[in-house]
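Structure, as C-alpha cells:
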Amino acid sequence: MLVLGIETSCDETAVAVVEGPAGPQPVGKILSNTVYSQLTEHRRFGGVVPEIAARAHLERIDGLIEQALAEAGVGLADLDGIAATGGPGLIGGVMVGVMTGKALAFAHDKPFLAVNHLEGHALSVRLTEPVEFPYLLLLASGGHCQLLTVRGPGDFTRLGTTIDDAAGECFDKTAKLLGLGFPGGPAVEKAAAGGDPKRFALPRPMWRKPGCDFSFSGLKTAVRQAAEKLDPSDPRAVADLCASFQRTVGDVFADRCTNALTLAPMPTLVVAGGVAANVYLRGRLEEVAAAHGAKLVAPPVRLCTDNGAMIAWAGVERLRLGRVDALDFRPRPRWPLDPTATTAKRV
Ligand code: KG4
Ligand code: ZN
C-alpha cells in the first residue's frame with residue numbers, strides 16, 4: 001500500500017511517500033520524505049506570517065511532489081492513495097495542500113484522504129515502532145499541548161489540554177527573549193546544555209493540581225521577567241535560564257503525565273509533536289513511564305517536527321480501514337481530535 005502525504009498546515013512544505021506494512025511486519029517504510037522549511041521567509045518577523053506561508057507553499061508544492069515521487073522511485077499511477085493535511089492549521093496553507101491533493105486524486109482516480117494534522121502526530125509513532133492501541137499520548141507542539149488516550153484512528157479521548165499557551169510556543173518565546181533565534185525549541189535545548197537547571201526558580205503552572213490540563217502563560221511571564229534582568233551577552237546566564245526553563249517544563253510534563261497514567265493506566269506512553277524532539281524532556285517522561293510500569297515510545301527526532309511521512313502514514317492507517325474522504329472535503333482551521341471534549345478551565 002503506497003500513499004503520498006502532503007503537509008502544509010504551518011511553515012513546512014513537506015511531501016513523502018510511505019509504504020504500508022506488508023505481511024507480518026507491523027510498521028511502515030518511508031520511501032521518501034522531502035521538506036522545505038520556510039525559515040528564511042519568516043525569520044525576520046520572528047514568527048510565522050500566515051499569508052507569506054500560504055504563498056511559499058504554493059510556490060514549492062509541485063516541485064516537492066515531483067522530488068518525493070522521484071526519490072521513492074514511483075509514479076502517481078503506482079499510488080494507492082493521496083493524503084493531505086485537512087486541518088487544523090493556518091487555513092491558507094491547508095487550502096494549498098488540500099486542493100493539490102484533491103486535484104491529483106481526481107486526475108489519477110485515486111482515493112483522497114484528508115488527514116487531521118494532530119492525528120498525523122498522534123499515529124506517527126506506529127510508522128517506525130510496533131506500538132499497539134490503546135496508548136496514552138502527550139502531544140506537544142507549537143500550537144497544542146494535550147494528553148489523550150488513543151484507541152485507533154479517529155478514536156481519541158482527551159484527558160487534558162492547555163488552558164492558555166502551548167509548550168512549543170513557550171520554547172519559541174523564550175528563545176526570542178534571549179535572542180536565540182527561530183524556531184526556538186532546538187535553540188533553547190542547545191543553549192540549556194551545560195546550564196544550571198536550578199539557578200532560576202520558575203513557577204510550575206498546574207503542578208500538583210488534579211486532572212491533566214496544562215498552563216504555560218505564567219511560566220512565559222516569569223521567563224520574560226528573568227530575561228529582562230540578565231545580561232543577554234552573558235552566555236552562562238542564558239544557558240542557566242534555558243536549563244531552568246527546560247527543567248520546569250519537564251517538571252510540569254512529569255506531573256501531568258503522572259496524573260494521566262494514574263487516571264488511565266496504559267502500557268505505553270507516547271510523546272509526539274515538535275517538542276517531543278527534546279532529548280531532556282524525553283528522559284523525564286521515560287522516568288515517569290517506568291514509575292508506572294509503562295514504556296515511553298517516541299518517534300525518531302526527525303519525525304517529531306512537521307513532516308509529510310506522518311501524514312502519509314495516517315493516510316495508510318485510514319485507508320486500511322476504508323475511511324476515504326470525498327472530494328468536497330472542506331479545509332478546517334479547527335479540528336479537535338476529541339470533538340466531545342469541553343474547554344479546559346483554570347482550577
Ligand atoms: O509539531 P511542530 O513541528 O509544528 C506544530 O504542529 O506546531 O512543532 C513545532 C514546535 C515549535 O514550537 C518548536 O519550537 C518546538 O516544536 N520544538 C522543540 C524542539 N524542536 C522543535 N521544542 C523543544 N525542544 C526541541 N528540541
Ligand atoms: Zn505539527
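Every number in this text was worked out from the coordinates using simple rules, so none of it is lab data. Quantities reported herein were computed from a predicted structural model and do not represent experimental measurements. Positions of Cβ are generated from backbone atoms using ideal geometry, with glycine treated the same way; all protein chains shown enter the neighbour counts.
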Task: In the range 171-206, the trypsin sites (Lys or Arg not before Pro) that fall in loop regions by DSSP, at most 10 other Cβ within 10 Å - done: 198
Open item on the list: Please list 3J(HN,Hα) in residue order for the range 47-55, calculated via the Karplus relation 6.51 cos²θ - 1.76 cosθ + 1.60 where θ = phi - 60°; whole Hz, with x for glycine and proline.
Closed with: x, 7, 9, x, 5, 5, 4, 4, 5
Task: Residues with amide H under 5 Å from that of residue 86, placed H, sequence gap 5 or more - done: 115, 116, 117
Open item on the list: Loop-only trypsin sites (Lys or Arg not before Pro) in the range 3-73, please: DSSP not H, G, I, E or B, and at most 15 other Cβ atoms within 10 Å.
Closed with: 44
TODO: Compute the separation of the alpha-carbon centres of the range 12-66 and the range 192-253 and state it in Å as a whole number.
DONE: 32
Open item on the list: Which of the three applies to the range 79-120, rounded, prolate or oblate, going by the alpha-carbon gyration tensor with a ≥ b ≥ c and a/c under 1.5 meaning rounded?
Closed with: oblate
Open item on the list: 7 Å from Cα along Cα→Cβ at both residue 133 and residue 326: what's the point-to-point distance in nm?
Closed with: 2.4
Open item on the list: Relative contact order of the chain, please, whole-number percent, based on alpha carbon pairs below 8 angstrom and at least 6 residues apart.
Closed with: 24
Open item on the list: Apply the a/c threshold of 1.5 to the C-alpha gyration tensor of the range 86-217 and tell me whether it is rounded, prolate or oblate.
Closed with: prolate
TODO: Give the shape of the range 135-298 as rounded, prolate or oblate, defined through the alpha-carbon gyration tensor: a ≥ b ≥ c are the square roots of its eigenvalues, a/c under 1.5 means rounded, and otherwise the shape is prolate if a/b is larger than b/c and oblate if not.
DONE: prolate
